[in-house]
Amino acid sequence: MIASPGLYMEITEKYPPVQLLAAVAVSAASLIASYFLSNFIMQRLVTVISGFAYPVGGFLCMWFTFTCLFLLGCKTGITTEQCRLIPVKLSARWIIAAFVVPAAAYAGFAPSAQVTFSGSLSDILYTVFFAGIGTAVAEEGVYRGIMKTAIGRRWGTPAADILPAVVQAALFIILQKAGFRYACSAAVFFLAQGLFLSIIVDKSGSVWNAAAVRAVWNILFAGTIILIPEHNTEVMLWSAAVFSTAAALIAVHDSAAQ
């Protein structure tokens, strides 16, 4: 596992577990509130400027979330720099991975998942700017940003890698009202994806590379361009296997390099 010991040690004694858990809860709540508020405004703007409201909605989702994270950081002493949100850094290596990973997943589940496509301008704008970029940047700022940092500085790297993904999976399952079988597959998927994204943050030193991977994934599979049957367990499990394999390959590479 990629470790950054110094990154997680300086507030261990300064902040009690209850305060850090409160930070996790507040950051998750701010993400949900930001999503619904931006979506509410966006849907009202659709009646005025049609599909061009979706880029506005994506920007608002990011802005609301990052404003909440900044205010939360002022209270907890965890700055945006410490969460690796600033400066913005993107690496060609992870941009390539952002396309390779979903391509591998698509190659596995497309033949049996009854995938269809939609290419309307409105669908593309919604998927790229709101479901894709806006949601991905906001979520990674919370899960692999402040949440990963707060948890890691109290309980170390393994907890920092796993617990944000657990929270993400729980929120997804609750909001989707998923049945038991789909909930289990979703939990496996988010744990695998979360581990992979957490490794990206640790290796690159920036949440933005993880956000780029998530954005491409969301644009392809979580929007309305490539249409996958809802609550498809096979897609979730196959995608989890791809993310797990990618994480394992990175671990093997690092071990060989040492």
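The values are calculated or read from the model by the stated rules, or taken from the named source; none is laboratory data. Worth saying up front: this structure is predicted, and the values here are computed from it rather than measured. We place every Cβ from the backbone using ideal geometry, glycine too, and count neighbours over all the protein chains shown. Heads up: the accessible areas ignore ligands, DNA and RNA and are worked out on the full protein's heavy atoms, side chains in. Shrake-Rupley method; radii C 1.70, N 1.55, O 1.52, S 1.80 Å.
Select, from 130, 99, the only residue that is open to solvent by less than 20 Å² (accessible area, probe 1.4 Å), within 23 Å of residue 189 (Cα to Cα), in a helix (DSSP H, G or I) and in contact (Cβ under 8 Å) with a residue 40 or more places away in the chain.
So the residue among 130, 99 that is open to solvent by less than 20 Å² (accessible area, probe 1.4 Å), within 23 Å of residue 189 (Cα to Cα), in a helix (DSSP H, G or I) and in contact (Cβ under 8 Å) with a residue 40 or more places away in the chain is 130.
For residue 162, all conditions in the list (1) under 25 Å from residue 36 (Cα atoms); (2) without any contact (Cβ under 8 Å) to a residue 40 or more places away in the chain hold save one; what is the number of the exception?
Only one criterion is unmet by residue 162, namely (1).
Name the single residue that is surrounded by the fewest Cβ atoms within 10 Å (Cβ to Cβ) among those in segment 143-176 being modelled with pLDDT of 90 or more, more than 14 Å from the chain's Cα centre (by Cα) and over 21 Å from residue 209 (Cα atoms).
Per the stated criteria, the residue is 174.
Condition check: in contact with a strand residue (DSSP E or B) (Cβ under 8 Å, 6 or more places away or on another chain) and open to solvent by 60 Å² or more (accessible area, probe 1.4 Å). Does residue 117 satisfy that?
Details: in contact with a strand residue (DSSP E or B) (Cβ under 8 Å, 6 or more places away or on another chain): yes; open to solvent by 60 Å² or more (accessible area, probe 1.4 Å): yes.
Yes, satisfied.
Please verify whether residue 128 is touching a helix residue (DSSP H, G or I) at 6+ places or on another chain (Cβ under 8 Å), modelled with pLDDT of 95 or more and either farther than 10 Å from residue 31 by Cβ or among the aliphatic types (A, V, I, L, M) (or both), treating the condition exactly as stated. Walk me through it before giving the result.
Details: touching a helix residue (DSSP H, G or I) at 6+ places or on another chain (Cβ under 8 Å): yes; modelled with pLDDT of 95 or more: no; either farther than 10 Å from residue 31 by Cβ or among the aliphatic types (A, V, I, L, M) (or both): yes.
No, not satisfied.
Quickly run through segment 130-165 and pick out the residues that are of a type in the set (Asp, Glu) and under 15 Å from residue 68 (Cα atoms). Don't jump to the end; show me each part of the working.
Let us first name the residues in segment 130-165 that are of a type in the set (Asp, Glu), namely 139-140, 161.
139, 140 - these are the residues of segment 130-165 that are of a type in the set (Asp, Glu) and under 15 Å from residue 68 (Cα atoms).
Can you tell me how many residues in segment 36-78 are within 23 Å of the chain's Cα centre (by Cα), among the aromatic types (Phe, Trp, Tyr) and surrounded by fewer than 17 Cβ atoms within 10 Å (Cβ to Cβ)?
4
Select from segment 81-96 the residues that are without any contact (Cβ under 8 Å) to a residue 24 or more places away in the chain and part of a loop (DSSP other than H, G, I, E, B) and write down the one among them that is surrounded by the fewest Cβ atoms within 10 Å (Cβ to Cβ).
Step by step, filter segment 81-96, then rank; the result is 81.
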